[in-house]
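For reference, the structure discussed in these notes is given below.
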Amino acid sequence: MTNQPSRRPAPLLAAVAATAAAGAAYLYLRRKSYAPLPTVAHVDLARYLGRWYEVARLPVPFEKNCMHVTADYSRHANDKIRVVNTCRKGDVDGPVKIATATARPIDATNAKLKVQFFWPFEGDYWILDLDQADYQYALVGEPSRKSLWLLSRQPQLAPDIRQRLIGRARNLGFPVEKLLFTPQP
C-alpha cells in the first residue's frame, strides 16, 4: 500500500468551482438584463435621516399583513446608516414587528444604497424620486422592479404627489397596479 495523495477531490473541487462560476455568471447576466433605472442626481444623507412613513408598497413577503409601517434612519459607524423598520401586524394598533439593518451608499450620488438585514445578504435601495426642496417624500425601488415604496414624512401624502410618484414608477416599469396602500393612523 502506498501513501500517494488521492486524485478524487480534484474533480469534486472543479465541479464546485464550475457551479460557483456559473451561478455568479447567471446573477451578473440576470442583473444586466434589467432596463436602466435612473435615480435622483444626489441625496444629502443628513437630510434623508429621520422617520419616514410608508404610503404604499409592492407586496413583499417580509411585510405581509403590515400596517402603520415606518422606517427610521440614523447615523451609524463608518458612514453607514442604521435602519429600523417597524410595522404593526394586522391592524394599525396591532403587535409591533421590528427589523433592523445597516445601509451604505454605493456611489457618490448617495442615491444608490445597499441594505443588509442579515449577513451576507444585501438588497438594493435606490432613491428614484425625492422632494429635493424639503425631503418630504421619496420613491424608492430596485432594478428588478419587484420592490417599490412610496414614502412620506407624514402618515399621509397629498393625492397629487402620490399620483405623480405612481406615474413615475409606472414609467420606470414597475407594476403599479399591484401597489398596496399602507394604512396609517
**OP:** Kindly indicate which of PRO185, PRO159 is exposed (fewer than 13 other Cβ atoms within 10 Å of the Cβ) and modelled with pLDDT under 95.
**Re:** PRO185
Original post:
(1) in contact (Cβ under 8 Å) with a residue 40 or more places away in the chain; (2) in contact with a Phe, Trp or Tyr (Cβ under 7 Å, 6 or more places away or on another chain); (3) among the hydrophobic types (A, V, I, L, M, F, W, C); (4) surrounded by fewer than 15 Cβ atoms within 10 Å (Cβ to Cβ): which one isn't true of VAL92, the others all being true?
Top reply: (2)
**OP:** Please find, within region 141-154, the residue that is nearest to ARG47 (Cα to Cα) out of those that are among the hydroxyl-bearing types (Ser, Thr, Tyr) and assigned to a loop (DSSP other than H, G, I, E, B).
**Re:** SER147
Original post:
Can you tell me which residues in region 50-68 are touching a strand residue (DSSP E or B) at 6+ places or on another chain (Cβ under 7 Å) and more than 16 Å from THR86 (Cβ to Cβ)?
Top reply: ALA56, LEU58, PRO59
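Conditions tested, residue by residue: (1) closer than 28 Å to LEU130 by Cβ; (2) modelled with pLDDT of 90 or more; (3) within 16 Å of the chain's Cα centre (by Cα).
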{"residue": "HIS68", "(1), (2), (3)": "yes, yes, no"}
{"residue": "ARG75", "(1), (2), (3)": "yes, yes, no"}
{"residue": "ASP93", "(1), (2), (3)": "no, yes, no"}
{"residue": "ALA103", "(1), (2), (3)": "yes, yes, yes"}
**OP:** Please work out which residue is surrounded by the fewest Cβ atoms within 10 Å (Cβ to Cβ), limiting yourself to region 129-140 and to residues that are in a strand (DSSP E or B) and in contact with a helix residue (DSSP H, G or I) (Cβ under 7 Å, 6 or more places away or on another chain).
**Re:** ASP129
**OP:** Go through region 103-121 and give me each residue that's within 22 Å of VAL55 (Cα to Cα) and either in a strand (DSSP E or B) or without any contact (Cβ under 8 Å) to a residue 60 or more places away in the chain (or both).
**Re:** ALA103, LYS112, LEU113, LYS114, VAL115, PHE117
Original post:
Can you spot a residue in region 112-119 that is loosely packed, with under 14 Cβ neighbours inside 10 Å and more than 18 Å from the chain's Cα centre (by Cα)?
Top reply: no
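Just need a number here: residues in region 48-88 that are within 20 Å of LEU179 (Cβ to Cβ) and of a type in the set (D, E, K, R). Write out each step before concluding.
Step one: list which residues in region 48-88 are within 20 Å of LEU179 (Cβ to Cβ), which gives 52-71, 85, 87-88.
Next cut, of a type in the set (D, E, K, R) only: 54, 57, 63-64, 88.
Total meeting the criteria: 5.
The values are calculated or read from the model by the stated rules, or taken from the named source; none is laboratory data. Remember, predicted model here, so these are calculated numbers, not experimental data. Glycine also receives a Cβ, built like all others from the backbone with ideal geometry; neighbour counts cover every protein chain displayed.
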